[in-house]
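Everything below concerns the one structure shown next.
Laboratory data are not the source of any read-out in this text; all were calculated from the coordinates shown. None of these values were measured; they are calculated from a predicted model. Cβ placement follows ideal geometry from the backbone for every residue including glycine, while neighbour counts extend to all protein chains displayed.
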């Protein structure tokens with residue numbers, strides 16, 4: 001058996017950087033746009049994001065702390081997910097800045113707000129794939145001892161899907177052509193995909 005490093009997270013990892021988000025990686029980015037009851041627009045990236053159900057399609061993200069996105073979604077029951085590709089990564093990074101609720105991150109990052117068809121939250125016009133979502137659940141995470149953590153899980157049903165037709169090849173979405181950016185670990189690691197990394201595996 002190979003030599004291993006063991007630690008109990010509650011006691012600290014003892015390393016230069018917490019390895020957990022490097023191990024569970026790379027992860028898709030939850031670039032979430034929302035709007036408050038008062039009409040304040042927010043756009044923010046979340047690295048704890050994924051798809052959790054096919055039918056109906058349900059996606060979700062976790063927010064460390066009660067942030068503007070969570071507040072807006074609680075108020076309106078709606079949000080939009082926008083795919084981050086390599087061309088948009090700089091703008092995405094700009095929207096991660098901590099700014100006042102009345103600061104529009106679309107304007108801050110030089111992005112275009114596109115009206116949604118079914119919800120009030122705007123979309124990132126420059127993004128090639130966008131999901132319009134209705135909130136299904138919003139709840140705090142808890143520890144094994146049942147203590148509430150200041151991290152909020154937001155789940156939403158996808159009720160509208162926008163896809164750039166250039167990414168559809170014979171009716172199949174071309175993941176590589178979309179050039180998604182994925183979040184790694186450490187303070188600043190991101191990944192992209194390449195054809196050399198692709199392989200197929202058919203279930204038995």
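Here are a few things to note about the model shown:
- Between residue 1 and residue 86, the simple label model (points 7 Å from Cα in the Cβ direction) yields a spacing of 4.2 nm.
- Rounded if a/c under 1.5, otherwise prolate or oblate - the stretch 129-194, Cα gyration tensor axes: oblate
- Choice from 119, 29, 163 showing the highest fluctuation, given a GNM over the chain with Cα pairs closer than 10 Å: 163
- Ascending count of other beta-carbon atoms within 10 Å, so fewest first, for 149, 165: 165, 149
- Gain on full stretching of the segment that runs from residue 107 to residue 64 - 0.36 nm per residue minus C-alpha separation: 13.1 nm
- For the chain, the relative contact order is 24 percent, taking Cα pairs closer than 8 Å that sit 6 or more residues apart in sequence and dividing their mean separation by the residue count.
- In nm, spacing of pseudo-spin labels at residue 172 and residue 198 (7 Å Cα→C-beta vector): 0.8 nm
- When each of 3, 132, 189 is scored by the number of other beta-carbon atoms lying within 10 Å, the sequence from fewest to most is 3, 189, 132.
- q = 0.16, 0.18, 0.25 Å⁻¹, the stretch 88-175: log10 I(q)/I(0) [Debye, one scatterer per Cα]: -0.90, -1.04, -1.24
- Mean separation of Cα contacts under 8 Å, 6 or more apart, over the residue count of the stretch 89-204: relative contact order %: 15 percent
- Taking every DSSP helix (H) stretch of at least 4 residues in the chain, weighting each as -39,500 (n - 2.57) and dividing the sum by the residue count yields a mean residue ellipticity at 222 nm of -2500 deg cm²/dmol.
- Most mobile of 131, 191, 79 in a GNM of the chain (Cα contacts under 10 Å): 191
- Distance (nanometres) between label positions extended 7 Å along Cα→Cβ at residue 147 and residue 125: 4.9 nm
- By the Cα gyration tensor, the chain has an equivalent ellipsoid whose semi-axes, rounded to whole angstrom, run 28, 24, 17 from largest to smallest.
- Among 63, 116, 90, the largest mean-square fluctuation in a Gaussian network model of the chain, built with springs joining Cα atoms closer than 10 Å, belongs to 90.
- Hypothetical label at residue 161: residues of the stretch 174-204 whose amide nitrogen lies under 12 Å (7 Å Cα-Cβ projection): 174
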